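Contents: one structure, followed by commentary.
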Amino acid sequence: MEEPNEHPLERFCEALERRFDRLLPKINTHILHYFPALAAVPEDVMLQANADGLRSYLVSTMEPDLEPLRQRVVASSEALVVIGGAPENARHLLEASRQEVLAVALELVAEGFPHAREGTLQLMASYSAGLEATTKMAFTLPQAGLVLSAPLLRVFAEVCPEAIAVSSMGEYMSFANESMNSLMGRELTLGETFGSLVVPAHAGRWAAAREAIMAEQHWRGRLRLLGAEGHEVPVDVTAFRLQTEGGGEALCCIVRDVSELLKVEQERLRLQAEVIATQDAAIRELMTPLLPLAEGVVAMPIVGTVDATRGASILDALLEGIAARQARVAILDITGMSVVDTHVAEGLLRAARAAKLLGTELIVTGIRGAVAQTLVGLDVHLDGMITCATLQEGVARAMRLARKTR
């Protein structure tokens with residue numbers, strides 16, 4: 001059922017996003033086909049960028065104006081051309097991506113997913129707008145000077161919404177974009193090391209990351225950085241080595257703030273714990289049912305194994321039920337118990353004594369021959385409580401006792 005303020009296509013977009021794990025690798029393959037220069041970029045960075053691009057199309061299906069989408073598509077296409085590729089390849093890539101998305105959207109239509117048909121049509125309209133914008137870009141973009149260069153990369157990094165820091169392999173910072181400065185709450189200075197930004201508790205983790213970068217070219221993981229005024233910032237870091245124009249190597253770190261993500265995760269865990277606690281309480285209640293048989297008479301059948309925790313729950317439920325119903329007689333039926341040992345016998349004695357204090361007679365039923373032999377062998381004396389072999393016998397006796405005490 002849709003929420004009152006929910007857009008009709010929101011559920012469709014969420015369903016499509018849940019299938020990104022199938023879509024993104026296929027689109028990534030197309031990107032590398034048309035723009036092989038991107039093969040040096042770590043796969044997880046590429047997949048995240050692809051996911052962000054796909055989400056912009058999904059969001060556009062719920063927006064009245066497609067102009068923001070057109071602007072984003074043109075900027076993205078120009079960036080692809082800048083790093084090395086023919087302008088028309090940007091259009092070919094977008095068309096290939098559209099076909100992949102259409103195939104998955106049509107699956108939702110075939111499955112009868114709500115609003116899937118309308119969502120698919122709107123999504124294709126968004127892609128048509130993107131293709132139109134990319135085609136215009138391909139015909140109007142100047143061809144001269146579109147080569148990979150340090151100044152162009154610097155401009156690209158400056159406008160990138162992700163926090164980016166570049167340093168020498170000795171970690172001395174040579175560049176940090178505005179997003180990185182904003183994340184840290186101050187302007188980073190040249191000569192600082194990325195390692196100096198890592199909180200002391202995560203220094204060992206960063207040292208291990210450095211070893212992984214040297215051995216495998218890249219690393220991705222969670223760190224905590226020390227921001228302004230000692231504020232710790234949880235981040236997801238993708239770090240990889242780059243070849244510089246001078247033939248040396250640089251360390252590039254793409255940093256993403258995950259504070260909100262962690263808050264959402266903590267809230268999810270809290271709600272999960274609440275659900276588990278509620279379920280446990282419901283299960284305990286089902287495992288210790290208190291049944292009213294008549295006025296002043298209650299019964300509690302016990303089935304299965306009784307450990308210390310369950311024994312305490314049984315005693316609590318029994319005493320609460322006796323007090324709430326003002327029961328004069330309570331039956332504890334142990335016919336269904338799989339094991340009767342010293343621990344269980346002591347629990348029965350505690351229950352009998354506690355019931356006595358409330359002015360209630362406790363009748364234990366289900367004392368079979370094998371159970372009686374076990375109790376004798378354990379030298380357990382059930383003095384002070386009434387025992388019956390069967391529940392039927394116990395109920396009859398309880399009724400008689402209840403009538404006498406009226």
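The values are calculated or read from the model by the stated rules, or taken from the named source; none is laboratory data. The model shown is predicted, which means the values in this text are computed figures rather than measured ones. With ideal geometry, Cβ positions are generated from the backbone for all residues, glycine too; neighbour counts draw on all protein chains shown.
A few remarks follow.
- Answer residue from region 237-265, given it is small (Gly, Ala, Ser), within 23 Å of Glu211 (Cα to Cα) and out of contact with any Phe, Trp or Tyr (no Cβ under 6 Å at 6 or more places or on another chain) and is modelled with the highest pLDDT among those: Ala250
- Selected residue (only one of Leu223, Leu183 is farther than 25 Å from Ala37 by Cα and assigned to a strand (DSSP E or B)): Leu223
- Members of region 138-169 that are out of contact with any strand residue (DSSP E or B) (no Cβ under 7 Å at 6 or more places or on another chain) and modelled with pLDDT of 70 or more: Pro161
- Where Glu192 falls short, out of the listed (1) over 18 Å from Arg220 (Cβ atoms); (2) touching a residue at least 40 places away in the same chain (Cβ under 8 Å): (2)
- Qualifying residue in region 249-259 (condition: under 29 Å from the mean Cα position of the chain (by Cα), free of Cβ contacts under 8 Å to residues at least 24 places away in the same chain and part of a helix (DSSP H, G or I)): no
- Taking the numbered list (1) touching a residue at least 12 places away in the same chain (Cβ under 8 Å); (2) more than 28 Å from the chain's Cα centre (by Cα) in turn, Ala39 passes all entries but (1).
- Candidate set from region 357-379 (those that are modelled with pLDDT under 85 and either crowded, with 17+ Cβ neighbours inside 10 Å or touching a strand residue (DSSP E or B) at 6+ places or on another chain (Cβ under 8 Å) (or both)); member that is nearest to Gln326 (Cα to Cα): Ile367
- Hey, Ala282 over 18 Å from Ala176 (Cβ atoms) and either in the same structural domain as Met399 (by the TED database) or modelled with pLDDT of 85 or more (or both) or not: no
- Flag if Asn181 is modelled with pLDDT of 85 or more, surrounded by 17 or more Cβ atoms within 10 Å (Cβ to Cβ) and outside the structural domain of Glu107 (by the TED database): no
- When region 195-213 is filtered for residues that are closer than 14 Å to Arg241 by Cα and surrounded by 13 or more Cβ atoms within 10 Å (Cβ to Cβ), the ones remaining, listed by number, are Ala209, Arg210, Ala212, Ile213.
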